[in-house]
Each structure stands twice: as C-alpha cells, then as structure tokens.
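One structure below.
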Amino acid sequence: MTGYVQIRRRPTVRRPGDSGFSLVELMAMCLVMCTLAAFVLPFTRTTLNAMNLVSDARNVASATALAKMRAAAYFTKARVYVNLAAGTFRVERWQKTAPIGWVTEGVTTTLSQTVSFGFAGAAAPPPDTQAAIAQAPNCLDNAGVAIAGTSCIIFNSRGVPVDAANAPTPSGALYVRANNTVFGVTAGAGGLVQLWQNDLANNVWSRK
C-alpha cells in the first residue's frame, strides 16, 4: 500500500520592498504627469504646426516647379491651380487636342488644418519679385473667364510665367501662412521658382 507524504508549504513572508504603490503615491504620480503634460503639450502643438506649415509651403513650391516642367515636356501651358477658400492646389496643363482645355496632372493636395493661403501681416513682397504683395491672379476656365476664389501661376512652353494674355510676368506668387509665419512661392520673369519665409516679428523675407 502506497503511503502519502504531506508536504507543508512555508508561509509567504511579505517584505516591505514587495508591496505595490499606495493610492496616495499613484495620485501624486498622476498629478506630476498632468503638470508636465500641461507644459509640454503647447510646445508640441506649436512644433507640429510649424512643421505642417513648412511641409505645405514646400509642397506648393514643388507643385509650381512641376508645372514649369510639365509645360516644357508637353510643349504647352501648365499652371498651379489654387482654390484659396478650400485650401487646395493642383497642377494642370492645357490640352491642345480634343477635348481642348485644362486637364489635371496628378492629384489635388489639401493644406494642413492649421495652414491657409494668405499673407496677412506681411507688409511687402519678397525682394525683387512683385511690385506689391498679392496672390497670383485668378485662374481662367476653358472659355477664358476668371474663376473667383482661385489663384494661378501659369508657365508657357519655355518655362516662363505668363499672364492671361500670354505675356511674360514676374508677379506670380502664392502665399501660405500659419500663426506668425508666412511662406511665399514666387516665379520670376525668367522662370526661377523660389521659396521665401517671413516670421512677421521682424517682417523680413529670407530665401529658403
């Protein structure tokens, strides 16, 4: 007959170092974390907004340069089409064969929520660009009628910015802003596309 051996377990001894956090300690930790968050979050939000503005400004500049290249590649006109109110922009080219008219190249891009088209606070345009600061003129539809609330920089097949009458113009510019900073994208008479920044505190433009 098999016998049974009874094994007694040693009682568990709780040591001071094995205990968890008390309710008071947890509340104190939560208070510290909330205090730190109150200081850190505004700086994080400001940094993210600044990054969004820089990214959007560079995207507008890239779209402008792309329009210039598309005009030369297709031996036609091309433009950056901006919807000022909706905060969107896209590249379009003029199709010379049926159906004749402006066709979209690629996709329409939307600005970040904290970024908008505008130049409020900037007293003057970037140096050696426009005579007076302003968004580029209204875009025209296929019939040549101005489209309200839009702005376009148009390039001819030689990569030169032109106006509605196809005459070379140095006044093409698009501005985006957020908080106390404005970025400008300009297209000079020779077709040079430049990106500018104005921090508004000193109201001085710097080339980026």
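Taken together, Thr186, Thr150, Thr108 contain a single residue that is surrounded by 12 or more Cβ atoms within 10 Å (Cβ to Cβ), closer than 23 Å to Leu66 by Cβ, among the polar types (S, T, N, Q) and touching a Lys or Arg at 6+ places or on another chain (Cβ under 8 Å), which is Thr108. Somewhere in the stretch 114-128, is a residue over 23 Å from Trp205 (Cβ atoms) and either touching a Pro at 6+ places or on another chain (Cβ under 9 Å) or not polar (S, T, N, Q) (or both)? The answer is no; no qualifying residue exists. Here the condition is being surrounded by 12 or more Cβ atoms within 10 Å (Cβ to Cβ), touching a helix residue (DSSP H, G or I) at 6+ places or on another chain (Cβ under 7 Å), on the phi < 0 side of the Ramachandran plot and free of Cβ contacts under 8 Å to residues at least 40 places away in the same chain; of Arg79, Arg93, it holds for Arg93 alone.
Quickly run through the stretch 134-148 and pick out the residues that are of a type outside the set (Gly, Ala, Ser) and either assigned to a strand (DSSP E or B) or touching a residue at least 60 places away in the same chain (Cβ under 8 Å) (or both). Result: Cys139, Leu140, Ile147.
No lab work stands behind these numbers, since they all come straight from the coordinates. What you see is a predicted model; the values in this text were computed from it and never measured. All Cβ positions, even for glycine, are placed from backbone atoms using ideal geometry, and neighbour counts span all protein chains on display.
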